[in-house]
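Student: I'd like to ask you about the structure that follows.
The values are calculated or read from the model by the stated rules, or taken from the named source; none is laboratory data. Quick caveat: nothing in here was measured; it's all calculated off a predicted structure. Note that we place each Cβ from the backbone using ideal geometry, even for glycine, and neighbour counts take in every protein chain shown. Just so you know, the surface numbers come from the protein's heavy atoms only, side chains and all, with ligands and any DNA or RNA stripped out. Shrake-Rupley method; radii C 1.70, N 1.55, O 1.52, S 1.80 Å.
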Amino acid sequence: MSIWESLKVAMSSIWGHKIRSILTMLGIIIGVGAVIIIVAIGEGAKNQIADDMFSTDENEIQLYYEQIFLEDDTEMMWVEEPEITDEDLAVLREVPGVQSVLGINQGWGMMVHNEEQSDMTITGVDEGYFAAKNIEMLEGRPFLARDNDSMNRVILIDSVTREKFFSDGEDVIGEIVEVSDNPYKVVGVYKSTIPEELLQYDDFASGEMLMPRALVSMMFGNREIESVSVIAESPEIVSETGQLTADALTEQIAPEDGMYISNDFTQYEEELNSYLTIITLFIGSIAGISLLVGGIGVMNIMLVSVTERTREIGLRKALGATRGRILLQFLIESVTLTSLGGLIGIGFAVAATFVASQLLPFEATISPLVVLIGFCFSAFIGIIFGILPANKASKLSPIEALRYE
Amino acid sequence: MKLSDIKKTYGTGGLMVPVLHGIDLEIEEGEFIAIMGPSGSGKSTLMNIIGFLDTPSSGNYELNSEQTGRVKQRELARLRNEHIGFVFQQFFLMPRLNALKNVESPLIYAGVPKRERRERARQMLEKVGLSDRMTHLPNELSGGQKQRVAIARALVNHPSIILADEPTGALDSKTSEQIMKLLVELNEEGRTVIIVTHEEEVASYTNRIITLHDGLITDDRRNLS
């Protein structure tokens, strides 16, 4: 008897006991459904967190100085960070995997112009910044090497600032604006890099501006290079490159009380993802217990079915069915039962996930792999819990079975 | 078909119950035989051994010069499928399958392709006079019709022996007569038919009556009527 034949016999037997079959499948339906829904919500949360927190400048990494406190220090003392120079940055550019290295510092200033005023972030950069960060110039020119060298009093404003302080047709290039009581000449306008959703907050509403790094250092009393930003050749090697450059910087500067570290976001992301995975697995396996219970239900019903069909089994044997065929027939029946339950469970899970996505602040995502695993697992349960009843059926003696009332 | 010194003992160890004490029996192809005897005489056990539902404890069973004494379960299933057509007192049709599908079922285990199965089952149902009942379920058929479906099923695999266990036991006398006439007809076409019965009337249709008593053949006579 072919598998197809057995499958038809199995289907007709399941169809012949509709209510019993549905009740038996219920455990599998709930188990598979619950596991898929939970994994889908877990995946959705993971994707959302990755989008929210880790999606910008994926090949960029910051280097920070971290002071090391010795255990026997009775007094914790904050030590001044060592100075980083352009020479140090030049060394970092030689590290393999590095595309570019940027020295950056930052200040805050009150910009006043055309009777508007606003507190704004000022980022001190050098001429390499524009290519490395893909800054798009809308008007005028970016900074040149000479702007830093001779501390030209020039600034660049972004598109948001231009809109706030100037009217549309107004010529901006060459305008003199006042920032914290000092005059600067606007030499260019660049496309704002502030994410759209942040523009509603006061800190970002007026845009940002760029100044030559040396100028920020002089005007605002900062150290010339406050932070080092490393851009790796590709996102795949960003953690590794960050580690290498941080070590290289530590070696180059050889600070007494600390070391440089990279803010490896991918590491946080991995950590957070692994927590989420653990939670998902934990809740998922609780749901999976239902599959076990369901499997035992299937075994129970299959045993009942074997007893009920003792005479049929005897007859089939008298007609020439071998042990193997009887075993296969009952095994196929239990696998069909659980697989059908699995399919219904998957259907429920897809519907429930769709509804959940409307209610949750993020979209729950069903991966085809989880569906496939869910289906295979339900079939697998059919095999595991079908073996005992099928074996019992196959071992029946035809004489005894035919005499059974 | 030749049985020599067939013994069958049930149970093991201290509780040995001997049922057959040594049966010697030779049956030619085309014979029509009744096996008779009171209950407990061992006639059912003998039938089970002839039908390969059971194996003898000792002795030889030769069918078409094929030794079948000690064979595996798997081999027994094949022998049943190829050589024996069973007809039971309680018909034993599969309730969810229609007449045609019931008749087809031995061919499934013989590995006959679907189209041929359908055709052979149809022919057999025509032969037993049920060509207008092919798609009926067993519970839509009368007792006599059910038994004829069962006979068609027994015939479909062209077996060496038709083995009928009290084939008329659940039928009224008029239907019994029809069924017996059908069996006579099948025998006249050259098939070996063995009936196990305790009814003299049923036995009277056959050509040879074998009587068992306490596990031994006590009488083996030709029936010339």
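Student: Can you confirm whether segment B:30-46 contains a residue that is surrounded by fewer than 18 Cβ atoms within 10 Å (Cβ to Cβ), within 19 Å of the chain's Cα centre (by Cα) and at pLDDT 90 or above?
Tutor: Within segment B:30-46, one or more residues are surrounded by fewer than 18 Cβ atoms within 10 Å (Cβ to Cβ), within 19 Å of the chain's Cα centre (by Cα) and at pLDDT 90 or above.
Student: All but one of (1) open to solvent by 20 Å² or more (accessible area, probe 1.4 Å); (2) more than 16 Å from B:Ile162 (Cβ to Cβ); (3) within 9 Å of another protein chain (Cβ to nearest Cβ); (4) not in a loop (DSSP other than H, G, I, E, B) hold for B:Glu82; which doesn't?
Tutor: With respect to (1) open to solvent by 20 Å² or more (accessible area, probe 1.4 Å); (2) more than 16 Å from B:Ile162 (Cβ to Cβ); (3) within 9 Å of another protein chain (Cβ to nearest Cβ); (4) not in a loop (DSSP other than H, G, I, E, B), B:Glu82 is out only on (2).
Student: Just to check your reading of the model, which residue among B:Leu137, B:Leu141, B:Leu163, B:Leu155 is within 13 Å of chain A (Cβ to nearest Cβ), surrounded by fewer than 20 Cβ atoms within 10 Å (Cβ to Cβ) and of a type in the set (A, V, I, L, M)?
Tutor: Working: B:Leu141 fails: within 13 Å of chain A (Cβ to nearest Cβ); B:Leu163 fails: surrounded by fewer than 20 Cβ atoms within 10 Å (Cβ to Cβ); B:Leu155 fails: surrounded by fewer than 20 Cβ atoms within 10 Å (Cβ to Cβ).
The match here is B:Leu137.
Student: While we're here: Within segment A:277-320, work out how many residues are within 12 Å of chain B (Cβ to nearest Cβ), free of Cβ contacts under 8 Å to residues at least 40 places away in the same chain and hydrophobic (A, V, I, L, M, F, W, C).
Tutor: Keep residues of segment A:277-320 that are within 12 Å of chain B (Cβ to nearest Cβ), which gives A:308-320.
Restricting the remaining residues to those that are free of Cβ contacts under 8 Å to residues at least 40 places away in the same chain gives A:308, A:312, A:316, A:319-320.
In the following step, the residues that additionally are hydrophobic (A, V, I, L, M, F, W, C) were identified as A:319.
Qualifying residue count for the region: 1.
Student: Quick check: is even one residue across segment A:229-238 at pLDDT 85 or above and under 18 Å from A:Glu81 (Cβ atoms)?
Tutor: Checking segment A:229-238: at least one residue is at pLDDT 85 or above and under 18 Å from A:Glu81 (Cβ atoms).
Student: If you don't mind, there's one more thing I want to ask. B:Ile6: assigned to a strand (DSSP E or B), touching a Pro at 6+ places or on another chain (Cβ under 6 Å) and either over 30 Å from B:Tyr205 (Cα atoms) or open to solvent by less than 20 Å² (accessible area, probe 1.4 Å) (or both), yes or no?
Tutor: Working: assigned to a strand (DSSP E or B): yes; touching a Pro at 6+ places or on another chain (Cβ under 6 Å): yes; either over 30 Å from B:Tyr205 (Cα atoms) or open to solvent by less than 20 Å² (accessible area, probe 1.4 Å) (or both): yes.
When the stated conditions are applied, B:Ile6 passes them.
Student: In this structure, does B:Asn64 turn out to be under 24 Å from B:Glu185 (Cβ atoms) and touching a residue at least 60 places away in the same chain (Cβ under 8 Å)? Can you show your working first?
Tutor: Working: under 24 Å from B:Glu185 (Cβ atoms): yes; touching a residue at least 60 places away in the same chain (Cβ under 8 Å): yes.
Judged against the criteria, B:Asn64 is a match.
One line per residue, one yes/no per condition, for (1) farther than 30 Å from B:Glu199 by Cβ; (2) among the basic types (Lys, Arg); (3) facing chain A (nearest Cβ under 10 Å):
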| position | (1), (2), (3) |
| --- | --- |
| B:Thr9 | no, no, no |
| B:Glu31 | no, no, no |
| B:Ser39 | no, no, no |
| B:Ile50 | no, no, no |
| B:Arg70 | yes, yes, no |
| B:Leu76 | no, no, yes |
| B:Leu100 | yes, no, no |
| B:Ile108 | yes, no, yes |
| B:Val112 | yes, no, no |
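Student: Collect the residues in segment A:321-361 that are at the interface with chain B (Cβ under 8 Å from one of its Cβ atoms), assigned to a helix (DSSP H, G or I) and not charged (D, E, K, R), keeping them in residue-number order.
Tutor: In the first step, residues of segment A:321-361 are kept if they are at the interface with chain B (Cβ under 8 Å from one of its Cβ atoms); the result is A:321-325.
Now drop any that are not assigned to a helix (DSSP H, G or I), which leaves A:323-325.
A:Gly324 - this is the single residue of segment A:321-361 that is at the interface with chain B (Cβ under 8 Å from one of its Cβ atoms), assigned to a helix (DSSP H, G or I) and not charged (D, E, K, R).
Student: Just to be sure, is B:Ile23 buried (at least 17 other Cβ atoms within 10 Å of the Cβ) and at pLDDT 90 or above? Steps first, please.
Tutor: Working: buried (at least 17 other Cβ atoms within 10 Å of the Cβ): yes; at pLDDT 90 or above: yes.
Judged against the criteria, B:Ile23 is a match.
The rows are residues; the columns are (1) more than 30 Å from A:Val238 (Cα to Cα); (2) assigned by TED's automatic domain parsing to the domain that holds A:Ser229; (3) part of a helix (DSSP H, G or I).
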site	(1), (2), (3)
A:Met111	yes, yes, no
A:Phe130	no, yes, yes
A:Glu163	yes, yes, yes
A:Gly174	yes, yes, no
A:Lys185	yes, yes, no
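Student: Determine which member of the set A:Ser229, A:Ser274 is crowded, with 16+ Cβ neighbours inside 10 Å, among the polar types (S, T, N, Q) and not in a loop (DSSP other than H, G, I, E, B). Spell out how you get there, then give the answer.
Tutor: On the way: A:Ser274 fails: crowded, with 16+ Cβ neighbours inside 10 Å.
Within the list A:Ser229, A:Ser274, the selection yields A:Ser229.
Student: Sticking with this structure for a sec: Is there a residue in segment A:244-251 that is within 30 Å of A:Leu23 (Cβ to Cβ) and either among the basic types (Lys, Arg) or buried (at least 21 other Cβ atoms within 10 Å of the Cβ) (or both)? Steps first, please.
Tutor: As a first pass, look at segment A:244-251 and keep what is within 30 Å of A:Leu23 (Cβ to Cβ): none.
Checking segment A:244-251: not a single residue is within 30 Å of A:Leu23 (Cβ to Cβ) and either among the basic types (Lys, Arg) or buried (at least 21 other Cβ atoms within 10 Å of the Cβ) (or both).
Student: Just one of (1) open to solvent by less than 50 Å² (accessible area, probe 1.4 Å); (2) hydrophobic (A, V, I, L, M, F, W, C); (3) in contact with a helix residue (DSSP H, G or I) (Cβ under 7 Å, 6 or more places away or on another chain); (4) assigned to a helix (DSSP H, G or I) trips up A:Val91, so point out which.
Tutor: (1)
Student: Mind checking which residues of segment A:134-148 are closer than 19 Å to A:Glu224 by Cβ and in a loop (DSSP other than H, G, I, E, B)? Spell out how you get there, then give the answer.
Tutor: Of the residues in segment A:134-148, the ones closer than 19 Å to A:Glu224 by Cβ are A:143-148.
Passing the criteria: A:Phe143, A:Leu144.
Student: Looking only at segment A:196-218, how many residues end up being in a helix (DSSP H, G or I) and either open to solvent by less than 50 Å² (accessible area, probe 1.4 Å) or of a type in the set (Gly, Ala, Ser) (or both)?
Tutor: The initial filter retains those residues of segment A:196-218 that are in a helix (DSSP H, G or I), namely A:196-198, A:202-205, A:213-218.
Those still in the list that are either open to solvent by less than 50 Å² (accessible area, probe 1.4 Å) or of a type in the set (Gly, Ala, Ser) (or both) too: A:205, A:213-217.
Selection size over segment A:196-218: 6.
Student: In segment B:107-153, which residues are more than 22 Å from the chain's Cα centre (by Cα) and over 21 Å from A:Glu5 (Cα atoms)?
Tutor: Across segment B:107-153, the qualifying residues are B:Ser131, B:Asp132, B:Arg133, B:Asn139, B:Glu140.
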